[in-house]
Amino acid sequence: RWNVKDFRAGSCIIPKGSSVCISSFLIHRNIDAYADPDLFKPDRWNVKEGKGGGKKVDETVEHFLPFGSGRRSCIGRALASAELNVILSELCAKYEFMVVDKGKYDYCVTHKTSGMYLKLQRRM
């Protein structure tokens, strides 16, 4: 994107006509938006009670941009979402997922070495 007029960000001036982009990688690791951004914490996305009794996801959702935002967001977002639904439903239909203690099993799935370990058992 190109800014249409000079812009001041703190002590930095971004001149009119400059190419401007954001890094979702850095946004997703912003300690002001996410406590312990490098830790696997699925509870970040729990739905909570909002104002007026409505449901809302934690405030950090406004900083979650895996597909970008606005008119120029990722064209494949809908396809990726549909594929995830199919894949997850297939996995859940064919396997049972169990949380295990680290080191108990040889074959586990984990987000990171410090993350949650899962054992998959094929359903009969």
FRET efficiency for Ile22 and Ile75 from the Cβ-Cβ distance with R0 = 25 Å, rounded to 0.05, comes out at 0.90
Given backbone amide H placed at 1.01 Å from N, residues whose amide H is under 5 Å from that of Tyr117, ignoring those fewer than 5 places away on the same chain, are Val100
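If you take every residue apart from Glu83 with its C-beta less than 15 Å away from the C-beta of Glu83, what net charge results, scoring Lys and Arg +1 and Asp and Glu -1?
Values: positive: Arg77; negative: Glu90.
Local charge sum for Glu83: 0.
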Sorted by chain and then number, the residues having a modelled amide H within less than 5 Å of the amide H of Asn3, at least 5 places away or on another chain, are Gly17, Ser18, Val20
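Values in this text are rule-based calculations from the coordinates and carry no lab data. Computed from a predicted model, the values in this text were never measured in an experiment. Here Cβ is always computed from backbone atoms with ideal geometry, including for glycine, and neighbour counts include all displayed protein chains.
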